[in-house]
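Enquirer: Got a structure for you, written out below as structure tokens; questions coming shortly.
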Amino acid sequence: MEREISALYEPKRNNEIRIFESSDEMSTNLAEYISQVSEISVKERGYFAIALSGGPLVSFFGKLCEAPYNKTLDWSKWYIFWSDERAVAKNHAESNYKLTKEGFLSKVPILNGHVYSINDNATVEDAATDYEFVIRQLVKVRTIGVSESNDCPKFDLILLGMGSDGHVASLFPNHPALELKDDWVTYITDSPQPPPERITFTLPVINSASNIAIVVTGDDKSEAVHVATSDNNADGPDTPSSLPARMVEPTDGKLVWFLDKAAASSMEAEKGAFEQHHEY
């Protein structure tokens with residue numbers, strides 16, 4: 001069952017934290033959340049522009065492929081993008097496109113022409129340039145919205161995972177890509193995790209989204225979750241200032257964390273210590 005985290009724990013502004021007892025409950029809640037954002041976007045804009053990450057995140061899309069969503073969602077209005085991608089062939093085991101196609105896209109009636117994957121025949125630098133160009137064209141015709149504050153694309157929803165090091169998309173701790181202000185899409189050739197060459201949305205694009213969801217499972221990520229979400233340790237001496245997940249702060253949108261119990265365990269431990277300390 002979903003639980004809202006105790007008010008004793010102070011999440012950052014514009015953060016909502018949802019904790020789940022099982023992966024099935026998380027999948028169900030995530031599907032309902034995506035469905036609601038989709039319906040609102042289609043009603044207000046006529047389109048639903050969603051950017052995905054790969055990896056374990058794709059395994060949580062299963063509920064969207066089932067009733068009622070497979071029949072009730074207006075799939076013809078969906079436009080699919082990737083917040084990051086590995087510079088590998090589309091049929092490569094490490095390809096986010098391949099993972100998403102097999103686990104999700106092949107099971108729902110999203111139009112092929114609405115699926116925007118990177119050019120896997122180009123160099124990683126050219127692939128990033130091409131992807132940004134495509135997004136700029138779609139912003140011009142408002143298939144993707146535009147932020148009023150910085151002219152960045154305003155995706156209706158960006159779905160992210162998070163690594164145990166706190167990385168999101170392919171933005172890694174202490175990497176120069178975190179500092180980019182004007183680029184929408186960039187590339188890296190030195191990912192600390194294989195494969196080394198990747199393209200990724202920049203922080204300004206991620207933070208311009210109307211909605212951001214970060215889905216995290218596993219106790220190996222609990223400390224990074226704690227640091228990324230809490231206002232309590234914002235100025236602490238041990239807080240990694242460049243933890244990418246902590247730098248996800250929507251400028252004019254909302255961030256929702258979907259956590260399993262293991263990923264939330266460091267927050268739960270702090271809450272327990274607080275309660276014990278204040279018993280009289």
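Enquirer: Provide a single number: the residues in the stretch 89-116 that are touching a strand residue (DSSP E or B) at 6+ places or on another chain (Cβ under 7 Å) and not in a helix (DSSP H, G or I).
Expert: 5
Enquirer: Right, next: Could you please find all residues in the stretch 247-262 being under 11 Å from the mean Cα position of the chain (by Cα) and assigned to a strand (DSSP E or B)?
Expert: Within the stretch 247-262, L255, V256, W257, F258 meet the criteria.
Enquirer: Quick test for you: out of E279, E275, E268, pick the one residue that is modelled with pLDDT of 55 or more and of a type in the set (D, E).
Expert: Testing whether each residue is modelled with pLDDT of 55 or more and of a type in the set (D, E) leaves just E268.
Enquirer: Inspect all residues belonging to the stretch 58-76 and state whether any of them is closer than 20 Å to L138 by Cα and more than 21 Å from the chain's Cα centre (by Cα).
Expert: For the stretch 58-76, residues closer than 20 Å to L138 by Cα and more than 21 Å from the chain's Cα centre (by Cα): present.
Enquirer: Name every residue in the stretch 137-149 that is touching an Asp or Glu at 6+ places or on another chain (Cβ under 8 Å) and open to solvent by 70 Å² or more (accessible area, probe 1.4 Å), in order of residue number.
Expert: Those that are touching an Asp or Glu at 6+ places or on another chain (Cβ under 8 Å) and open to solvent by 70 Å² or more (accessible area, probe 1.4 Å): E148, S149.
Enquirer: Take K261 and tell me if it is over 30 Å from S117 (Cα atoms), touching a strand residue (DSSP E or B) at 6+ places or on another chain (Cβ under 7 Å), at pLDDT 95 or above and surrounded by fewer than 20 Cβ atoms within 10 Å (Cβ to Cβ).
Expert: yes
Enquirer: Another question, then. So, S76, is that one in contact with a strand residue (DSSP E or B) (Cβ under 8 Å, 6 or more places away or on another chain), of a type outside the set (K, R), at pLDDT 95 or above and surrounded by fewer than 21 Cβ atoms within 10 Å (Cβ to Cβ) or not?
Expert: Here the answer is no, as S76 does not meet what is asked.
Enquirer: Suppose we keep only residues that are out of contact with any helix residue (DSSP H, G or I) (no Cβ under 8 Å at 6 or more places or on another chain) and over 21 Å from I135 (Cβ atoms) within the stretch 42-65. Which one would you say is most open to solvent (accessible area, probe 1.4 Å)?
Expert: It comes out as K43.
Enquirer: Just checking, how many residues over the stretch 91-136 are more than 18 Å from P56 (Cβ to Cβ) and open to solvent by 60 Å² or more (accessible area, probe 1.4 Å)?
Expert: 14
Enquirer: Regarding S23, is this residue open to solvent by 60 Å² or more (accessible area, probe 1.4 Å) and among the hydroxyl-bearing types (S, T, Y)?
Expert: Spelling it out, S23 is indeed open to solvent by 60 Å² or more (accessible area, probe 1.4 Å) and among the hydroxyl-bearing types (S, T, Y).
Enquirer: Need pairs with beta-carbon distance below 9 Å; first residue under 23 Å from K77 (Cα atoms) and within the stretch 142-153, second exposed (fewer than 15 other Cβ atoms within 10 Å of the Cβ) and of a type outside the set (D, E, K, R); sequence gap 6+ or separate chains.
Expert: Close Cβ pairs (under 9 Å, with a partner that is exposed (fewer than 15 other Cβ atoms within 10 Å of the Cβ) and of a type outside the set (D, E, K, R)) amount to R142/G46; T143/G46; T143/Q137; C152/V146; P153/V146.
Enquirer: Further question: Return yes or no: is E39 modelled with pLDDT of 95 or more, out of contact with any strand residue (DSSP E or B) (no Cβ under 9 Å at 6 or more places or on another chain), more than 20 Å from N112 (Cβ to Cβ) and surrounded by fewer than 20 Cβ atoms within 10 Å (Cβ to Cβ)?
Expert: Spelling it out, it is not the case that E39 is modelled with pLDDT of 95 or more, out of contact with any strand residue (DSSP E or B) (no Cβ under 9 Å at 6 or more places or on another chain), more than 20 Å from N112 (Cβ to Cβ) and surrounded by fewer than 20 Cβ atoms within 10 Å (Cβ to Cβ).
Enquirer: Okay, moving on. Within the stretch 79-90, track down each residue that is free of Cβ contacts under 8 Å to residues at least 40 places away in the same chain, touching a helix residue (DSSP H, G or I) at 6+ places or on another chain (Cβ under 8 Å) and open to solvent by 20 Å² or more (accessible area, probe 1.4 Å).
Expert: Across the stretch 79-90, the qualifying residue is only K90.
Enquirer: Residue check, D220 against (1) surrounded by fewer than 22 Cβ atoms within 10 Å (Cβ to Cβ); (2) part of a helix (DSSP H, G or I); (3) touching a residue at least 60 places away in the same chain (Cβ under 8 Å), all met but one. Which one?
Expert: (3)
The values are calculated or read from the model by the stated rules, or taken from the named source; none is laboratory data. In this text the structure is predicted, and so the values were computed from the model without any measurement. Reconstructed Cβ throughout: ideal geometry from the backbone, glycine too, with neighbour counts over all protein chains shown. Quick note on the areas: whole protein, heavy atoms, side chains included, nothing else; ligands and nucleic acids left out. Shrake-Rupley method; radii C 1.70, N 1.55, O 1.52, S 1.80 Å.
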